[in-house]
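The structure appears below as structure tokens.
The values are calculated or read from the model by the stated rules, or taken from the named source; none is laboratory data. Quick caveat: nothing in here was measured; it's all calculated off a predicted structure. Positions of Cβ are backbone-derived with ideal geometry, glycine not excepted, and every protein chain shown enters the neighbour counts.
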Amino acid sequence: MWWEHQNLDKPHTDRKGKKWNFRVWHEAFTLGRTVSAARVFFWDETKSVTGVVLLGPDVNHHVRVIHALIRKLVASEELRSEHLRDIRFPLERFYAEYGAFPEEQHELLKLSSPT
């Protein structure tokens with residue numbers, strides 16, 4: 001589901017005056033145990049720089065942590081470059097389900113296999 005509240009989709013401006021947009025998706029599901037995942041999508045005004053940070057089941061998804069990550073993405077070109085990825089718009093059409101990215105599909109296999 002798309003995180004609609006708590007200003008997570010509020011645009012931010014970096015020190016150079018470039019505006020960055022964000023959209024956060026999160027989900028909890030059961031694979032033998034309850035797990036959760038989140039994605040923080042980001043793009044500039046022209047959508048020429050796009051990316052997503054995938055937060056798997058082993059990462060804290062608290063809103064404070066996600067706000068801090070967004071601030072770091074705005075401030076750090078290096079961090080953004082680590083998470084660059086072509087993304088398709090509208091996000092809601094293409095990324096509504098877990099497993100939209102190959103890394104997530106791999107994680108699903110790992111979580112669903114008996115240990």
Need pairs with beta-carbon distance below 8 Å; first residue of a type in the set (S, T, N, Q) and within segment 18-30, second part of a strand (DSSP E or B) and at pLDDT 95 or above; sequence gap 6+ or separate chains. Asn21/Phe42; Asn21/Trp43; Asn21/Asp44
Filtering strands (runs of 3 or more DSSP E) wholly in the chain for at least 1 residues that are exposed (fewer than 13 other Cβ atoms within 10 Å of the Cβ) gives 19-30, 34-44
